[in-house]
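Dropping a structure here in structure tokens format, bear with me for questions.
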Amino acid sequence: MAVPAMFHGRDGQTTCKVSEGPIIDTFFKIMDVINRIVTWVVALILGVMSVVVASQVVYRYVLEAPLPWSEELARYFMVWLVLLGAGLGLRAKALIGMEALINVFPAPLKRFAVETVLLFSLLFLAIVFAYGIKLTIMNHAQFSPAMEIPMSLPYAAIPVGALFMIANAILVAMERWRGN
């Protein structure tokens with residue numbers, strides 16, 4: 001299976017370039033595999049979501065028999081898609097940043113500003129992770145109205161997405177600190 005293009009470096013190799021020891025190399029390799037899997041999961045979610053929404057349009061306006069669960073499923077899939085996709089975007093360094101402001105600084109201050117933003121992002125994501133776990137546990141006994149699934153399933157996207165972003169932010173930070 002080919003590696004998606006966003007995980008290729010300029011030399012055509014996967015993004016695992018930092019070499020400081022076997023533990024760090026293993027962490028990078030594991031995260032590259034996880035990122036490839038998540039890329040396929042996100043693509044699958046997007047595909048299923050598109051089919052469900054298109055089916056809902058046909059059922060509602062052509063057959064005049066709307067699907068009661070389709071909007072709910074699409075909404076929950078969108079939440080998972082956004083949170084997992086944000087982790088992939090973070091790893092690919094494709095998220096919108098404050099580059100216009102940061103580029104005004106001289107090189108030493110620019111590096112400090114970027115690392116400060118990364119540190120605060122990690123802190124924020126750790127808080128989101130902790131509260132996401134609380135929300136997921138609190139909503140386990142509640143069920144969705146149409147599909148009647150535990151609400152812990154859609155809420156689980158919050159801690160899973162936050163943890164995924166944390167892991168990818170750590171990889172980005174390690175690459176920055178080692179000059180990759």
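The values are calculated or read from the model by the stated rules, or taken from the named source; none is laboratory data. In this text, all values refer to a predicted model and were calculated from it rather than measured experimentally. Cβ coordinates were reconstructed from backbone atoms using ideal geometry, including for glycine residues, and neighbour counts include every protein chain displayed.
Select, from S152, S144, S121, the only residue that is over 18 Å from W80 (Cβ atoms) and either in contact with a strand residue (DSSP E or B) (Cβ under 6 Å, 6 or more places away or on another chain) or polar (S, T, N, Q) (or both).
Every option except S121 fails the conditions.
Considering the stretch 151-162 alone, what residues qualify as being small (G, A, S), buried (at least 19 other Cβ atoms within 10 Å of the Cβ) and part of a helix (DSSP H, G or I)?
The answer is A157, G161, A162.
Can you pull out the residues in the stretch 126-150 that are in a helix (DSSP H, G or I) and aliphatic (A, V, I, L, M)?
A126, I127, V128, A130, I133, L135, I137, M138
Also, I was wondering about something else. Consider I34 carefully, then state whether it is part of a helix (DSSP H, G or I) and either touching a residue at least 60 places away in the same chain (Cβ under 8 Å) or in contact with a strand residue (DSSP E or B) (Cβ under 6 Å, 6 or more places away or on another chain) (or both).
So I34 fits the description; yes.
Still on this structure: May I ask you to list the residues in the stretch 39-90 that are within 23 Å of E148 (Cβ to Cβ), polar (S, T, N, Q) and crowded, with 16+ Cβ neighbours inside 10 Å?
Passing the criteria: Q56, S70.
Residues are listed down the side, and each one gets a yes or a no for (1) at pLDDT 95 or above; (2) among the acidic types (D, E); (3) in contact with a Pro (Cβ under 6 Å, 6 or more places away or on another chain):
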residue: T39; (1), (2), (3): yes, no, yes
residue: V42; (1), (2), (3): yes, no, no
residue: V51; (1), (2), (3): yes, no, no
residue: Y61; (1), (2), (3): no, no, no
residue: E64; (1), (2), (3): no, yes, no
residue: L67; (1), (2), (3): no, no, no
residue: Y76; (1), (2), (3): yes, no, yes
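Can you go through V172, V117, V128 and tell me which one is within 21 Å of D32 (Cα to Cα) and not acidic (D, E)?
None of the other options fit; the residue is V172.
In the list M165, M78, which residue meets the criterion of being within 16 Å of the chain's Cα centre (by Cα), assigned to a helix (DSSP H, G or I) and within 26 Å of A54 (Cα to Cα)?
M78
Tell me, please, whether a residue that is under 26 Å from L153 (Cβ atoms), assigned to a helix (DSSP H, G or I) and in contact (Cβ under 8 Å) with a residue 60 or more places away in the chain can be found in the stretch 100-120.
no
Residue check, I102 against (1) of a type in the set (A, V, I, L, M); (2) under 22 Å from L125 (Cα atoms); (3) under 17 Å from the mean Cα position of the chain (by Cα), all met but one. Which one?
(3)
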